[in-house]
Amino acid sequence: MPVNNVVHIKTIPEQVSLSPAQKKFNTLIKKIDAQKTILREWQETLEQCRETAIEKLEPLRTTLHGHQADLVLLLDRQFTSHKFTPSQADKLTHLITETCEELITFNQRDDLKAIFNKYSTEDFDALDQASDAIALDMMKAMFEEKFGTSLDDTEFDIKDPQGTAERLSKKFKEQQTHAEEEAQKRSPPRKSAKQIAKEAKEAEEAANVSKSIQTVYRQLTSALHPDREQDPVERERKTELMQQVTVAYASKDLLKLLALQLAVEQIDQSKLNNINAERLKHYNQILNNQLRELQEEVLLKESEIRRMINAPHAEPLSPKRMIGLVKQDLRTVQNMIARIQHDMRAFRDVKQLKEWLKHYQIPEPDFDEILGGFPPFR
C-alpha cells in the first residue's frame, strides 16, 4: 500500500505569499523527492545491470576464456610441430605466456601453468610470489601514507584490500581517540560561558527537533494501532501502515511520516498550511538533515557503482549511461569471441599463422598501467 500523497504548503486566502520558512519547507521537500528518485533509479539500474551481468555477460566471458585457453593449446601444438623464425618464435612465446598469465591469474586456470613454464624463463609460481611481494610493499606504503599509521604483515592482506583498509582505518581512529584522551588528561579544555551557553542552546534545539518528529510518530501510532481494530481487513491495512510508520520513524523520514498522516486523514492541507512557525522551523531542520543524508547516500551509491565498473571519477555517470556501458561490454565480449573463433580457424593452417605473425607487433609495456593496475577497492 504505497503512500503517494504530495506534501507541500499552499498559500491561503489571507496570505499574499508564503513565508520564507514555508518556502524553505516546500523547497526541501522537492529536493528530497528528487534525491529519492535518483537513489531509486540507481538501485533499479544496479539490480538490472547485475542481472544482465549474471545472465548474459558472465556466461559470455566464460566462453571467451575457454576459447582463449583453446587458442593457447593450438599455438603450443603449432610451435611444437613446425619450425618458426626467431622473430616468429618470440611473438608466439609472447602470445602464449601473456594469455596463460591472464587466464591463470584471473580465471584460476592452473592447468595452464605447465605451458607457461615451458615458454617462460621463470617458473610461474616463483614470478607470482615475487610480484605479490612487490605489490605488497607498494600497497602497504600507499595505505600507510594515506592513513598515517602502519600495519604488520599479519594485518596486511594484499588479497583483501578492502579489509586491509578497514583495519587501517580502525587502527587510525583508535590512535586518534587515544591521543585525544591523553591530551584531555594532560590539559582538560576549559569552556567559556559563551561556549557553554551555545552548547546548551544546541542541545535544546536538538531536543525540540526530536520532540517534533516524536509527536508525529505518536499521533500515527495512536491512530493506526492494529490491536484496537476489530475488522480483519482494516486490521491488515493498519498493520501494513504501522510497518511503514516504524520504518519512517527509525530513519527520521519526516516527509514519509507527514505523507502517512495525509493518507490516514490525520492532517489535511489546511493544517499543513497553518503549521506554527516554531514547529515549522523544527520540521525544516529535520528535512534539511534528511536531505543531506540522502545526498550522501546517492554519492556513496554512485561511488560504489564507479568502483564496480571501474569508471574514472571524472567520467559523467548516470543510470542510463551505466546501462549503455553494460551493453557495450556485451558487444565487446561478443566481438572478441567472434574474432578468436576466426583466428583459431585460420591458425590451424600454419601458413596462415606465419603470415599473421609477420604483421603482429609485440606491444610495448605500459608502465603506468603496470604501476596503477591494481583492482579497484570493493
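The values are calculated or read from the model by the stated rules, or taken from the named source; none is laboratory data. Keep in mind it's a predicted model, so treat the numbers as computed, not measured. All Cβ positions, glycine included, derive from the backbone under ideal geometry; neighbour counts span all protein chains shown. SASA here: full protein model, heavy atoms, side chains in, ligands and nucleic acids out. Shrake-Rupley method; radii C 1.70, N 1.55, O 1.52, S 1.80 Å.
Quick notes on this structure:
- Residue selected from the range 215-238 under the condition touching a residue at least 12 places away in the same chain (Cβ under 8 Å) and within 30 Å of Glu278 (Cα to Cα), by the criterion surrounded by the most Cβ atoms within 10 Å (Cβ to Cβ): Leu220
- Count - residues of the range 45-97 that are charged (D, E, K, R), free of Cβ contacts under 8 Å to residues at least 24 places away in the same chain and within 18 Å of Asn335 (Cβ to Cβ): 1
- Filtered residues of the range 306-335 (kept if at pLDDT 85 or above and either in contact with a helix residue (DSSP H, G or I) (Cβ under 7 Å, 6 or more places away or on another chain) or outside any helix (DSSP H, G or I) (or both)): Ser318, Pro319, Met322, Ile323, Leu325, Val326, Asp329, Leu330, Val333, Gln334
- Every condition in (1) under 25 Å from the mean Cα position of the chain (by Cα); (2) more than 30 Å from Ser19 (Cβ to Cβ); (3) of a type outside the set (Ser, Thr, Tyr) holds for Met344 except the one numbered (1).
- Of all residue pairs spaced 6 or more apart or on separate chains, those with beta-carbon atoms under 7 Å, a first member in the range 102-124 that is without any contact (Cβ under 8 Å) to a residue 60 or more places away in the chain and a second member that is assigned to a loop (DSSP other than H, G, I, E, B) and surrounded by fewer than 16 Cβ atoms within 10 Å (Cβ to Cβ) are Asn117/Asp123.
- Sole residue being open to solvent by 40 Å² or more (accessible area, probe 1.4 Å), touching a residue at least 40 places away in the same chain (Cβ under 8 Å) and of a type outside the set (Asp, Glu), chosen from Gln352, Gln334: Gln334
- Taking residues in the range 18-31 that are on the phi < 0 side of the Ramachandran plot, and partners anywhere that are open to solvent by 40 Å² or more (accessible area, probe 1.4 Å) and part of a loop (DSSP other than H, G, I, E, B), the pairs with Cβ atoms closer than 7 Å and at least 6 places apart or on different chains are Leu18/Thr11; Asn26/His8; Ile29/His8.
Residue-by-condition table, conditions (1) part of a loop (DSSP other than H, G, I, E, B); (2) at pLDDT 90 or above; (3) over 28 Å from Leu325 (Cα atoms); (4) not charged (D, E, K, R):
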position: Ile12; (1), (2), (3), (4): yes, no, yes, yes
position: Gln35; (1), (2), (3), (4): no, yes, no, yes
position: Glu41; (1), (2), (3), (4): no, yes, no, no
position: Glu47; (1), (2), (3), (4): no, no, no, no
position: Arg50; (1), (2), (3), (4): no, no, no, no
position: Glu55; (1), (2), (3), (4): no, yes, no, no
position: Pro59; (1), (2), (3), (4): no, yes, no, yes
position: Phe84; (1), (2), (3), (4): yes, yes, yes, yes
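- Filter result for Lys271 (out of contact with any Leu (no Cβ under 6 Å at 6 or more places or on another chain) and closer than 15 Å to Gln214 by Cβ): no
- Considering only residues in the range 34-67 that are touching a Leu at 6+ places or on another chain (Cβ under 8 Å) and among the charged types (D, E, K, R), the one that is most open to solvent (accessible area, probe 1.4 Å) turns out to be Lys56.
- Test result for Lys281, closer than 26 Å to Lys10 by Cα and either assigned to a helix (DSSP H, G or I) or over 15 Å from the mean Cα position of the chain (by Cα) (or both): yes
- Test: residue in the range 103-113 that is over 35 Å from the mean Cα position of the chain (by Cα) and assigned to a helix (DSSP H, G or I): no
- Residue within the range 249-268 that is within 14 Å of Ile29 (Cβ to Cβ) and either in contact with an Asp or Glu (Cβ under 6 Å, 6 or more places away or on another chain) or not in a helix (DSSP H, G or I) (or both) present: yes
- Filter pass, Leu241 being within 11 Å of Val216 (Cα to Cα) and either assigned to a helix (DSSP H, G or I) or open to solvent by 50 Å² or more (accessible area, probe 1.4 Å) (or both): no
- Test: residue in the range 182-189 that is open to solvent by less than 90 Å² (accessible area, probe 1.4 Å) and modelled with pLDDT of 65 or more: yes
- Only one of the numbered conditions (1) over 31 Å from the mean Cα position of the chain (by Cα); (2) modelled with pLDDT of 90 or more; (3) open to solvent by less than 30 Å² (accessible area, probe 1.4 Å) is violated by Gln22, and that is (2).
- Within the range 277-312, the only residue that satisfies the criterion of being open to solvent by 90 Å² or more (accessible area, probe 1.4 Å) and under 17 Å from Asn26 (Cβ atoms) is Lys281.
- Scan of the range 68-113 for residues that are of a type in the set (Val, Ile, Thr) and either open to solvent by less than 60 Å² (accessible area, probe 1.4 Å) or farther than 28 Å from Gln129 by Cβ (or both), ordered by number: Val72, Thr80, Thr85, Thr93, Ile96, Thr97, Thr99, Ile104
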